[in-house]
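Below: the structure, in structure tokens.
The values are calculated or read from the model by the stated rules, or taken from the named source; none is laboratory data. Just so you know, these numbers come straight off a predicted model, no measurement behind them. Neighbour counts are summed over all protein chains in view; Cβ atoms, including those assigned to glycine, are modelled from backbone coordinates with ideal geometry. With ligands, DNA and RNA removed, areas are computed over all heavy atoms of the protein, side chains included. Shrake-Rupley method; radii C 1.70, N 1.55, O 1.52, S 1.80 Å.
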Amino acid sequence: MAKITYVQPDGTKNEVEVPNGQSVKDGAVNNLVPGILAECGGACACATCQVYVDAAWFETVGPADGVEKDMLDFAFDPQETSRLSCQVDVTDALDGLVVHVPEEQ
Amino acid sequence: MSVIIIGAGHAAGQLAASLRMEGYDGSIRIIGDEPYPPYQRPPLSKQLLSGDMELEQVYLKPDEFYETNNVELTLGKSVASIDRGAKTVTLDDGETVSYEKLALTTGARVRKLSIPGSDLDGIFYVRAIDDTLGLRDRFAPGKKLVVVGGGYIGLEVAAAARKQGMNVTVLEMADRVMNRVVAPEVSAFYEKAHRDHGVTIVTDVLVSGFTGDTSVTAVTCADGSSYEADLAVVGVGVIPNTELAEAAGLACSNGIVVDDMARTEDPDVVSAGDCTNHPNGVYGINLRLESVQNAVDQAKAAAKAICGKPETYSAVPWFWSDQYDIKLQIVGLSQGYDQAVVRGNPDDSEFSVFYLREGTLLAVDAINSPREYMMGRKLITDHAKPDPAKIADTSVSVKELV
């Protein structure tokens, strides 16, 4: 279980408890957190679940690679700490995680 | 206010979530004839079938979601009729429910074969959770599976069955697999990939019957050939569920007719997902799509329409298919193309095909090539005319195609 904070572009925060084994995407869509569309349901096929991992957490979460990295390269306004949230699995180590939701997907 | 959603598929689940996200605070009730809450169908022929996913993982939302957001699920019941004058729906158990707004997310059902032996035990279709679980239960190493139809479903089932050690044969009526949706180069690549994984692919063959006493033992073809089978899976397309809408007097033509805001001709009835025939602004045509993208995006438009904030739904369609370790991502609709340009080498299992009509990009099939897929999406939206010579030249970055 990890408490995850999703920060909207306007600064609004959604704090959600996400069980281990779910993804950071699941935490958002199961709790109606806006801005994370995740249309393909987590198959790494659509790049509509981008988040910017808060700088303080980026080392723990780690960077994207492979397909995810290629997809992100073409997503809306990708940044150094961008991840597709469907590819980030929740563990106790992510308790307190802060991610920022982009303006668009 | 009250919204009744008929059908409990992907569009239904998205519609309920989107209504709450739009701030709708009336009652929402989803009525579905399967015993499961709204779920994702793509895994049914992929991870759920191969045993790589648990049942709960295919559900669109956890149970708590419906409780927390006050969405009532009525499952295992179907709707018998709609009375648009009285604004009621009647369930098969006789219950009559009134609505202020009605959403039809009735989806599609499989096209069933009606040929000698097609009622035998051991013949499966893949559309619902129970189909997949029933089929998975009968999988065992060394058993013979014959797949009728070399489309997405058939080939994904073949890949999942090979993973379970089944002996698999795919029978395709056309001269190549996936002929309806991809260029010959992509078909050839998939035929080779399946053969490399030990699947027998037979094209140009018309299945004419099934033989067996109570359970299927062979699949027979019009040319006299016959293939031994312990199990058969049929994947030959779907038919939109429009009967309820038709009986209620709503216009239907290969789907329930809606406008580009997911609205039917009745101001109190919207429709979304596989069951709709709708205009697509990107291509300037009316079409019916069988895809998650359409279910999700159109359901969002339907929610906005219900909330009095209509917004045009006009998107470039996209699809994906996972077979073995090959990821196929398709963006756009290639129908009507006059030029197909291959980028990369199929022998490297990493290539893409760009489909053009009079120079304008219509669609991209990307095999293990997410960059081409993502760039294709942008270019199609912009009605771009990428230079075919640059497309074919992998030394030119995909970002420099226009």
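Some observations on this one:
- Single match in B:39, B:99 (criterion: over 23 Å from residue B:155 (Cα atoms) and aromatic (Phe, Trp, Tyr)): B:99
- Hey, residue A:95 among the acidic types (Asp, Glu) and within 23 Å of residue B:365 (Cβ to Cβ) or not: no
- Test: residue in region A:50-66 that is under 14 Å from the mean Cα position of the chain (by Cα), modelled with pLDDT of 95 or more, closer than 18 Å to residue B:296 by Cα and not acidic (Asp, Glu): yes
- Flag if residue B:244 is in a loop (DSSP other than H, G, I, E, B) and either in contact (Cβ under 8 Å) with a residue 12 or more places away in the chain or of a type outside the set (A, V, I, L, M) (or both): no
- Residue count, region A:15-40 (criterion: in a strand (DSSP E or B) and either within 12 Å of chain B (Cβ to nearest Cβ) or crowded, with 22+ Cβ neighbours inside 10 Å (or both)): 4
- Subset tally (residues that are among the β-branched types (Val, Ile, Thr) and not in a strand (DSSP E or B)) for region A:2-14: 1
- Single residue of region B:339-394 satisfying the filter (aliphatic (A, V, I, L, M) and in a helix (DSSP H, G or I)) that is surrounded by the most Cβ atoms within 10 Å (Cβ to Cβ): B:375
- The conditions of being within 19 Å of residue A:102 (Cβ to Cβ), open to solvent by less than 20 Å² (accessible area, probe 1.4 Å) and away from every other protein chain (no Cβ under 13 Å) are not met by residue A:12.
- So residue B:316, is it of a type outside the set (S, T, N, Q), in a strand (DSSP E or B) and either in contact with a helix residue (DSSP H, G or I) (Cβ under 7 Å, 6 or more places away or on another chain) or open to solvent by less than 30 Å² (accessible area, probe 1.4 Å) (or both): no
- In region A:61-76, the qualifying residues are those that are in contact with a helix residue (DSSP H, G or I) (Cβ under 6 Å, 6 or more places away or on another chain) and over 30 Å from residue B:38 (Cα atoms), and the one that is farthest from the other protein chains (Cβ to nearest Cβ) is A:64.
- Among the conditions (1) without any contact (Cβ under 8 Å) to a residue 24 or more places away in the chain; (2) under 20 Å from the mean Cα position of the chain (by Cα), residue B:114 misses just one, which is (2).
- Enumeration of residues in region A:55-105 that are exposed (fewer than 13 other Cβ atoms within 10 Å of the Cβ) and within 15 Å of residue B:373 (Cβ to Cβ): A:66
- Filter result for the condition that a residue is within 20 Å of the chain's Cα centre (by Cα) and either assigned by TED's automatic domain parsing to the domain that holds residue B:8 or in a loop (DSSP other than H, G, I, E, B) (or both), over B:290, B:311: B:290
Yes or no, residue by residue, for (1) touching a residue at least 12 places away in the same chain (Cβ under 8 Å); (2) under 14 Å from residue B:61 (Cα atoms); (3) touching an Asp or Glu at 6+ places or on another chain (Cβ under 8 Å):
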{"site": "A:5", "(1), (2), (3)": "yes, no, yes"}
{"site": "A:16", "(1), (2), (3)": "yes, no, no"}
{"site": "A:28", "(1), (2), (3)": "yes, yes, no"}
{"site": "A:48", "(1), (2), (3)": "yes, no, yes"}
{"site": "A:54", "(1), (2), (3)": "yes, no, no"}
{"site": "A:57", "(1), (2), (3)": "yes, no, no"}
{"site": "A:68", "(1), (2), (3)": "yes, no, no"}
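- Among residues of region B:388-402 that are closer than 15 Å to residue B:366 by Cα, those with a beta-carbon under 7 Å from a residue that is outside any helix (DSSP H, G or I) and of a type in the set (A, V, I, L, M, F, W, C) at least six positions away or on a different chain give the pairs B:391/B:341; B:391/B:354; B:391/B:401; B:392/B:341; B:392/B:342.
- Any hit, region B:57-70, residues being open to solvent by 60 Å² or more (accessible area, probe 1.4 Å), over 30 Å from residue B:327 (Cα atoms) and facing another protein chain (nearest Cβ under 10 Å): yes
- Selection of region B:320-329 for residues being open to solvent by 10 Å² or more (accessible area, probe 1.4 Å) and either within 10 Å of chain A (Cβ to nearest Cβ) or at pLDDT below 95 (or both) yields B:320, B:322, B:325, B:327.
- Summed over region B:225-257, residues that are open to solvent by less than 30 Å² (accessible area, probe 1.4 Å), within 23 Å of residue B:300 (Cα to Cα) and under 19 Å from the mean Cα position of the chain (by Cα) total 4.
- Residue match in region A:90-98 (condition: in contact with a helix residue (DSSP H, G or I) (Cβ under 8 Å, 6 or more places away or on another chain) and closer than 26 Å to residue B:297 by Cβ): no
- Any chance residue B:20 is in a helix (DSSP H, G or I) and either open to solvent by 20 Å² or more (accessible area, probe 1.4 Å) or more than 14 Å from chain A (Cβ to nearest Cβ) (or both): yes
- From the options B:297, B:347, B:382, B:338, residue that is among the charged types (D, E, K, R), away from chain A (no Cβ under 14 Å) and over 20 Å from residue B:189 (Cβ atoms): B:338
This table checks each residue for (1) among the β-branched types (Val, Ile, Thr); (2) away from chain B (no Cβ under 14 Å).
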{"position": "A:42", "(1), (2)": "no, no"}
{"position": "A:48", "(1), (2)": "yes, no"}
{"position": "A:54", "(1), (2)": "no, yes"}
{"position": "A:78", "(1), (2)": "no, no"}
